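*Asks:* Can you keep this structure in mind? I'll have questions shortly.
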Amino acid sequence: MHLNHLDLSVPDVDRAEHLFRTLFGFVRLRRNATTGHAVLVGDGGFVLVLSPTEGGAPAAYPPAFHIGFHVDDPAALDDLYARVQAEGLAVVHPLGPAAFGGGTAFYCRGPGEIMIELAHRPG
């Protein structure tokens with residue numbers, strides 16, 4: 001058995017898809033014109049489904065819920081930090097020492113107030 005996909009509910013699928021494609025390198029597999037769902041694939045074949053929330057309201061995720069990305073190159077993390085800010089995402093914890101596992105990390109709020117962790121951990 002293996003993890004097949006993650007489905008995130010977001011109020012604006014177009015905006016979320018743009019961010020996941022532009023900032024995190026996802027590629028669209030398909031978009032359902034009837035339901036509004038977008039199916040994306042990222043590095044390693046990870047599938048991310050973006051589902052529209054009812055009425056465009058943010059989904060109610062638990063406070064500790066987040067998605068995390070590992071960045072291989074520390075310079076790429078610096079670049080990503082600048083690009084996240086340029087896209088207007090709220091930085092919750094600025095770029096600095098990672099809380100767990102060493103390295104460097106930052107946290108931002110993505111579409112629908114989803115917390116996103118971006119980190120470089122050597123080794």
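The values are calculated or read from the model by the stated rules, or taken from the named source; none is laboratory data. Just so you know, these numbers come straight off a predicted model, no measurement behind them. Neighbour counts are summed over all protein chains in view; Cβ atoms, including those assigned to glycine, are modelled from backbone coordinates with ideal geometry.
*Asks:* Being assigned to a loop (DSSP other than H, G, I, E, B) and among the polar types (S, T, N, Q) is the filter here; which residues of the range 4-56 pass it?
*Replies:* Result: Asn4, Asn32, Thr34, Thr35, Thr53.
*Asks:* For the range 80-122, what are the residues that are of a type in the set (Gly, Ala, Ser) and touching a residue at least 12 places away in the same chain (Cβ under 8 Å)?
*Replies:* Listed by number, the residues that qualify are Ala90, Ala98, Gly101, Gly102, Gly103, Ala105, Gly110, Gly112, Ala119.
*Asks:* Further question on the same structure: When the residues of the range 97-123 are filtered to those that are of a type in the set (Gly, Ala, Ser) and on the phi > 0 side of the Ramachandran plot, which remaining residue is farthest from the chain's Cα centre (by Cα)?
*Replies:* Gly123
*Asks:* I've got another one for you. With the requirement that a residue be among the acidic types (Asp, Glu) and touching a His at 6+ places or on another chain (Cβ under 7 Å), what does the range 92-123 give you?
*Replies:* Glu117
*Asks:* Does Thr35 count as among the hydroxyl-bearing types (Ser, Thr, Tyr), surrounded by fewer than 13 Cβ atoms within 10 Å (Cβ to Cβ), at pLDDT 95 or above and more than 15 Å from Phe106 (Cα to Cα)?
*Replies:* When the stated conditions are applied, Thr35 does not pass them.
*Asks:* Name, by its number, the condition in (1) farther than 29 Å from Gly123 by Cβ; (2) hydrophobic (A, V, I, L, M, F, W, C); (3) surrounded by fewer than 13 Cβ atoms within 10 Å (Cβ to Cβ) that does not hold for Leu6.
*Replies:* Among (1) farther than 29 Å from Gly123 by Cβ; (2) hydrophobic (A, V, I, L, M, F, W, C); (3) surrounded by fewer than 13 Cβ atoms within 10 Å (Cβ to Cβ), the lone unmet condition for Leu6 is (1).
*Asks:* Among the residues of the range 9-32, write down those that are touching a residue at least 60 places away in the same chain (Cβ under 8 Å) and either surrounded by fewer than 15 Cβ atoms within 10 Å (Cβ to Cβ) or among the aliphatic types (A, V, I, L, M) (or both).
*Replies:* Passing the criteria: Val10, Ala16, Leu19, Thr22, Leu23.
*Asks:* Report yes if Gly36 is within 20 Å of Leu80 (Cβ to Cβ) and either touching a residue at least 12 places away in the same chain (Cβ under 8 Å) or touching a Pro at 6+ places or on another chain (Cβ under 8 Å) (or both), otherwise no.
*Replies:* No; evaluated as a whole, the condition is false for this residue.
*Asks:* For the range 76-121, which positions are part of a strand (DSSP E or B), under 27 Å from Ala59 (Cα atoms) and among the small types (Gly, Ala, Ser)?
*Replies:* Ala90, Ala105, Ala119
*Asks:* What pairs can you find where one residue is in the range 54-79 and closer than 25 Å to Gly44 by Cβ and at pLDDT 90 or above, the other is part of a loop (DSSP other than H, G, I, E, B) and basic (Lys, Arg), and their Cβ atoms are less than 7 Å apart, with a gap of 6+ or different chains?
*Replies:* From residues that are closer than 25 Å to Gly44 by Cβ and at pLDDT 90 or above, the pairs are His70/Arg121.
*Asks:* Output the number of residues of the range 96-123 satisfying the condition of being surrounded by fewer than 18 Cβ atoms within 10 Å (Cβ to Cβ) and more than 18 Å from Arg15 (Cβ to Cβ).
*Replies:* 11
*Asks:* Right, something else. Please work out if Leu89 is assigned by TED's automatic domain parsing to the domain that holds Met115 and either in contact with a His (Cβ under 8 Å, 6 or more places away or on another chain) or within 14 Å of Gly110 (Cβ to Cβ) (or both).
*Replies:* yes
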